[in-house]
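Working notes, structure below.
The values are calculated or read from the model by the stated rules, or taken from the named source; none is laboratory data. Model, not experiment: these values are computed from the prediction. Reconstructed Cβ throughout: ideal geometry from the backbone, glycine too, with neighbour counts over all protein chains shown.
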């Protein structure tokens, strides 16, 4: 009979010795990590309101060219936006600056109980709009380039549909558009949840709860295997440093403002209203057909949070005649930080914008 | 982990055993010792430790000569862990005869009497909602463990009779990753299905209902102590945001008017 194994006792003993040695030495290495920064590129706050701050990044290679296309990055409310600027060699922001772009980013802050009643309108028609105005004023450009990431991409779609006069080009990254596709795990989970009851009972949705949900999408890999794999890299200071950067970011999760969460889950996830043209913000209907500016839709082929099936349909629903899709071979997180992404995504954005200024 | 007092397979039969089960269930509910979501969470961390256990077992002098036996023994320990989860999550409140459930609902379904009637009703409802959440939570944990057991069976089948062209496993890590792959694959399939969506939704909804009632009870206590209640804070925050929005609109109108008149913005 064929055996499932080809085990060499010596190799097994070596594996065990390696594992325990790395663990023992790794403890010291973990102690040496020190404080992990939240973002690495120098930036200046140019606008602030409540808990949000709008930053403008300084180009490490020199002064930003006068008249350089202004790009406003709208990140998701879930997790912190420094994922776009995690480390010097893993920074989408730096990649965009290197393309000669003038980069701005909204930091949504950490909502607390006083923000429980912030609505989708407050975020999209309030904060996002005022940040866009601040970028327009600072850059002297009537129309700016808007780059929305994940949930921030959904906000950007709504915003661009309602304020077309302020947007020159729209870019979406790992952004769900059709929330009812068969492989959308989050969409499936939330289908039978009584969101009203949940929000009414706990108010703001704790970041820990969001994290637990995301971890449960791949529980064996993310709760068990990941930390076994970590032992394999404990003898490499640089890899440990990278790992801990990511670990910090993953669990640095703001609470979600209750009323915004309620409507986002009900209207986008449960009712799939975005593609039906039935999102209404402050009495105005959001129609993706109103998005006539050029659109670049970047999605990740192995994205388990926003599967391609959820992101790709934008091309079908947006009203633009200038639509480009860019697929990246990787996952939801790799698209910001992997070396492949660093080499592909910012240059592609730079070229795409340069062709449309 | 301690051995559960009562296994899922040995349901109480005599009236004495049934009453004992009822009181055990009641005791675990009121003392907060009932199995919770965290129990299933611990399962994953135990699964992580599983690699180390496997490595230790395979490092023993005679293990590599009979890896099938060693790995199947390891699988048995994982199985025992899952059995413990199943036993701890057995539904004592659903055990026959129905008098146990009836008795519980008879207690919590009682109307309030006299001066503290409202408080009694609130507490009874809280108790009912807690038992309902417990039931959902146990069902959730049980279903999830069932899926994991199925994956473990596939793993065992592979070990006992690998497919013809399967790549031989050459390290403890290879073996461990195969186990993780089976678990993750089955879980992903289940988690994308309707059964899981209903189970998940039902559990979350039951917990939300319980927490909502808990808020109400807590608010009553806070009000008695002259402390701000959640209801009051919510009203305050809602008004604050409404005023803020109004203020932003007024500022915009003012700026527009100034602009129209040629004044400074």
- Query: Just to be sure, is residue B:144 part of a helix (DSSP H, G or I), at the interface with chain A (Cβ under 10 Å from one of its Cβ atoms) and either under 23 Å from the mean Cα position of the chain (by Cα) or modelled with pLDDT under 95 (or both)?
  - Reply: yes
- Query: If we scan the stretch B:117-131, do we find a residue that is surrounded by 18 or more Cβ atoms within 10 Å (Cβ to Cβ), more than 30 Å from residue B:213 (Cα to Cα) and modelled with pLDDT under 85?
  - Reply: no
- Hey, residue B:195 hits all of (1) within 25 Å of residue B:138 (Cα to Cα); (2) within 10 Å of another protein chain (Cβ to nearest Cβ) but one; which does it fall short on? (2)
- Lone qualifier among A:64, A:114, A:44, A:84 - being under 22 Å from the mean Cα position of the chain (by Cα) and free of Cβ contacts under 8 Å to residues at least 40 places away in the same chain: A:44
- Of those in the stretch B:147-179 that are touching a strand residue (DSSP E or B) at 6+ places or on another chain (Cβ under 7 Å) and either under 23 Å from residue A:216 (Cα atoms) or surrounded by fewer than 18 Cβ atoms within 10 Å (Cβ to Cβ) (or both), the residue nearest to the other protein chains (Cβ to nearest Cβ) is B:168
- Which numbered condition residue B:112 fails, given (1) away from chain A (no Cβ under 14 Å); (2) more than 27 Å from the chain's Cα centre (by Cα); (3) at pLDDT 80 or above: (3)
- Query: Which pairs have Cβ atoms under 7 Å, sit 6 or more apart or on different chains, and link a residue in the stretch B:42-57 that is within 15 Å of residue B:76 (Cβ to Cβ) to one that is outside any helix (DSSP H, G or I)?
  - Reply: B:57/B:63
- Item | Members of the stretch A:117-128 that are within 19 Å of the chain's Cα centre (by Cα) and either within 10 Å of chain B (Cβ to nearest Cβ) or buried (at least 24 other Cβ atoms within 10 Å of the Cβ) (or both) | A:120, A:123, A:124, A:128
- Item | Lone qualifier among B:173, B:216, B:167 - being more than 31 Å from the chain's Cα centre (by Cα) and either assigned to a helix (DSSP H, G or I) or over 16 Å from residue B:140 (Cβ atoms) (or both) | B:167
- Query: Given B:256, B:235, which one is more than 11 Å from chain A (Cβ to nearest Cβ), in a helix (DSSP H, G or I) and without any contact (Cβ under 8 Å) to a residue 60 or more places away in the chain?
  - Reply: B:256
- Message: Anything in the stretch A:95-111 that is away from every other protein chain (no Cβ under 14 Å) and either closer than 12 Å to residue A:52 by Cα or without any contact (Cβ under 8 Å) to a residue 60 or more places away in the chain (or both)? List them, or say none.
- Response: A:97, A:102, A:103, A:104, A:105, A:106, A:107, A:108, A:109, A:110
- Can you name every residue in the stretch B:73-109 that is at pLDDT 80 or above, more than 25 Å from the chain's Cα centre (by Cα) and surrounded by fewer than 18 Cβ atoms within 10 Å (Cβ to Cβ)? B:73
- Query: Any idea how many residues of the stretch B:180-221 are surrounded by fewer than 15 Cβ atoms within 10 Å (Cβ to Cβ) and free of Cβ contacts under 8 Å to residues at least 24 places away in the same chain?
  - Reply: 6
- Output the residues belonging to the stretch A:328-340 that are part of a helix (DSSP H, G or I) and over 14 Å from the mean Cα position of the chain (by Cα). A:339, A:340
- Task: Report whether or not residue B:209 is within 31 Å of the chain's Cα centre (by Cα) and facing chain A (nearest Cβ under 9 Å).
- Result: yes
- Query: Can you tell me which residue in the stretch B:59-72 is surrounded by the most Cβ atoms within 10 Å (Cβ to Cβ), limited to those that are more than 11 Å from residue A:5 (Cα to Cα) and modelled with pLDDT of 90 or more?
  - Reply: B:70
